[in-house]
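The values are calculated or read from the model by the stated rules, or taken from the named source; none is laboratory data. For clarity, every value in this text was computed on a predicted model and none was experimentally measured. As a convention, Cβ positions derive from the backbone with ideal geometry for all residues, glycine included, and neighbour counts pool all protein chains shown.
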Amino acid sequence: MITIIDYGLGNIGSVVNTMTALGVPCAVSSDPFVVGSAAAILLPGVGAAGVGMQNLKTRGLDSVIRNQVLRGIPFIGFCLGMQLLFEYSEEADTVCLGILKGSVRKFRAEKKVPQIGWNTVTVSESNPYARRLFDGIPAAEFYFVNSYYPVVENPDMVAATTKYGETFASAVVYKNLFATQFHPEKSGAAGTILLTNFIKENL
Amino acid sequence: MTTKRIIPCLDMTEGKVVKGIQFVSFRDAGDPIALAKKYSDDGADELVFLDITATVENRPILFDVVVNTAKKVNIPFSVGGGVRSVSDMRQLLLAGADKVSLNTGAVKNPKLITDCANAFGNQCVVLSLDAKASASGRWNAWINGGTKDSGLSAVEWAKEAARLGAGEILLTSIDADGTKNGFTVELTRQVSRDVPVPVIASGGAGSMKDFLEIFRDGEADAALAASLFHFGELTIPELKRYLSAQNIAVREIL
């Protein structure tokens, strides 16, 4: 059972559809007690960092998520759900959860922002956990929708990189945490394989 | 760099997919849920769902159809039609949409774009713009399902919408819609150059060459078509193979 965190924004319906299609029992909750006792957590994200953090705090979810990740329960985050894990985001000058060292910056090199569409994800071959998660995906193209990207302090956490003007960490791993800047739940067959690998590994 | 996207569009009314010519003379194109599943499996890069009569009929969007369609797709799903408030948008996201497009609601209340972008991020807000050439030769933005001239210049409105927070422009040429005579290249190029967000070109696709032209000459980031795909005149795999051979970067189909 995976608990999908509802913090008032994001494509919750879409995420529930994907997990259900993969046969994973899931529940949507914004209750800190439910999230605090969850066996596994999914933090989705389509939204703005400022509102996202504010909503997590209002619901008392920020410290609960931090404690759960540090305890080492399986955690998966998508898009904003990845960005909020870092210390700081340039978007609305937001102090984030601070679980991972690093910050989130706006794309500057490309003319069109947000990046919307399918882009190549290059897996960090030196990272065995990353290799297992991306195993069996022949053409690693995933769907992105983002104006901001994470700058990760610890290179060991970088599971994959992508180039959109700047080259950035498009996936990170840390203990049982896996988070992606792209949307695996919207990335067709490639996303399905990736999520299936995560589920096999953790649930 | 992102690849160029191929987007089938489901124009909906009364629970059915329809396809018109220049926004009139609609013809039944089938069941939205079955079509969505087929396109998702076929390698479409995204799916657009537009409830084209929600505004003129002054009713909410077809939620149950959105819910059931969303269940069948594992690619981005953009939904629009009759969205008038942040709460309408939230409802659609809960129903399974990944992005929401605003059209008449945004022309009548431009602040809606900003409010939606503040709530859900600008990458989630698509401005749907229906353009038609006026007597003076300028393209104007039309509203109410293409039945009323807003008086706004299409290019200026696209720029303003991006400034207000729209993360993408879905640009439909009413003149070209359903004609299969090709996309309106000049309009698309102008908007694409003037607006700092991705542009989806729509209206007029009739052949694979039209897609090549709109990407290469129209500088579109994505191209949308409906009847070509619905009536089986063109499949997404064959279109992608053609574009790839013409050096247009498209997503490989697994």
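Values computed for the structure shown
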{"read-out": "Which numbered condition A:Tyr148 fails, given (1) within 12 Å of another protein chain (Cβ to nearest Cβ); (2) surrounded by fewer than 24 Cβ atoms within 10 Å (Cβ to Cβ); (3) within 23 Å of A:Leu61 (Cβ to Cβ)", "value": "(2)"}
{"read-out": "Segments classed as strands (runs of 3 or more DSSP E), wholly inside the range B:91-186, with at least 1 members that are touching a residue at least 40 places away in the same chain (Cβ under 8 Å) and within 14 Å of another protein chain (Cβ to nearest Cβ)", "value": "B:99-102, B:125-133, B:168-173"}
{"read-out": "Candidates B:Gly145, B:Gly232, filtered to the one that is under 27 Å from B:Ala119 (Cβ atoms) and either among the basic types (Lys, Arg) or modelled with pLDDT under 95 (or both)", "value": "B:Gly145"}
{"read-out": "Identity of the residue in the range B:74-90, assigned to a loop (DSSP other than H, G, I, E, B) and more than 8 Å from chain A (Cβ to nearest Cβ), that ends up nearest to the chain's Cα centre (by Cα)", "value": "B:Gly81"}
{"read-out": "Index of the failed condition, A:Ile5 passing every other in (1) under 25 Å from B:Val67 (Cβ atoms); (2) crowded, with 18+ Cβ neighbours inside 10 Å; (3) facing chain B (nearest Cβ under 9 Å)", "value": "(3)"}
{"read-out": "Flag for B:Asp64 being of a type outside the set (Lys, Arg) and in a helix (DSSP H, G or I)", "value": "yes"}
{"read-out": "Number of positions in the range A:29-54 that are within 12 Å of A:Ile5 (Cα to Cα) and modelled with pLDDT under 95", "value": "3"}
{"read-out": "Strands (runs of 3 or more DSSP E) within the range A:121-189 that include 3 or more residues hydroxyl-bearing (Ser, Thr, Tyr)", "value": "A:158-164, A:166-174"}
{"read-out": "Residue count for the range B:79-97, restricted to those that are surrounded by 24 or more Cβ atoms within 10 Å (Cβ to Cβ) and either modelled with pLDDT of 90 or more or closer than 17 Å to B:Val197 by Cα (or both)", "value": "7"}
{"read-out": "Qualifying residues in the range B:40-73 (those that are under 15 Å from the mean Cα position of the chain (by Cα) and within 14 Å of chain A (Cβ to nearest Cβ)) - the one farthest from A:Pro184 (Cα to Cα)", "value": "B:Phe49"}
{"read-out": "Whichever residue in the range B:147-164 is in contact with a Ser or Thr (Cβ under 8 Å, 6 or more places away or on another chain) and surrounded by fewer than 21 Cβ atoms within 10 Å (Cβ to Cβ) and, among such residues, is nearest to B:Leu112 (Cα to Cα)", "value": "B:Leu164"}
{"read-out": "Checking A:Leu42 against (1) within 14 Å of another protein chain (Cβ to nearest Cβ); (2) surrounded by 21 or more Cβ atoms within 10 Å (Cβ to Cβ); (3) not in a loop (DSSP other than H, G, I, E, B), the condition it does not meet", "value": "(1)"}
